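Written below as structure tokens is the structure these notes are about.
Where a number appears in this text, it was derived from the coordinates with a stated rule and is not lab data. As the structure is a prediction and not an experimental result, all values here were calculated from the model. Here the Cβ is made from the backbone with ideal geometry for all residues, glycine too, and neighbour counts use every protein chain on show.
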Amino acid sequence: CHDSKGELHEFGSSWKTEDCYDCSCSREGISCCSSFAIPSDYDKEKCVSIFNKETCTYKVVEKDDNSKECPVHAWV
């Protein structure tokens with residue numbers, strides 16, 4: 001399998017992309033899915049979600065003060 005960067009992967013292999021997706025290669029092709037939860041129910045007027053590629057996680061903080069976290073009621 002050739003991934004989106006043109007790198008070759010053996011059948012039966014799996015890897016994590018730099019964008020935090022878990023991928024695998026089979027004879028049918030490449031399959032990828034996110035390895036992180038996305039915040040979906042929070043106060044979008046007051047807060048913003050920030051993705052950290054180092055930890056593959058989202059943090060939801062106040063727009064006016066990024067040191068204050070906001071409550072998240074649902075993740076997808």
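General remarks:
- Counting Lys and Arg as +1 and Asp and Glu as -1 over every other residue whose Cβ lies under 15 Å from the Cβ of K63, the net charge comes to -2.
- Straight-distance crosslink candidates among lysines, where the alpha carbon sits under 21 Å from K44 and sequence neighbours closer than 8 are dropped: K59, K63, K68
- For the stretch 34-39, Karplus couplings with θ = phi - 60° (6.51, -1.76, 1.60), whole Hz, Gly/Pro x: 5, 9, 9, 8, 10, x
- Considering only alpha-carbon pairs that sit under 8 angstrom and 6 or more positions apart, the relative contact order computed for the chain is 22 percent.
- When cysteine pairs in the chain are screened for C-beta atoms closer than 4.7 angstrom, the residues that find no partner are C33.
- Burial ranking of peptide ranges 5-16, 25-36 (average Cβ count within 10 Å, highest at the top): 25-36, 5-16
- Residue-wise HN-Hα coupling along the stretch 20-29, computed from phi with Karplus coefficients 6.51, -1.76, 1.60 (Hz; x: Gly, Pro): 6, 9, 8, 10, 9, 10, 10, 5, 7, x
- Derived scalar couplings between HN and Hα for the stretch 3-12 equal 7, 5, 8, x, 6, 8, 10, 6, 4, x Hz in order, rounded to whole Hz, by the Karplus curve 6.51 cos²θ - 1.76 cosθ + 1.60 (θ = phi - 60°), x for Gly and Pro.
- If you look at the Cα atoms of the chain, you get an Rg and a Dmax of 16.6, 49 Å.
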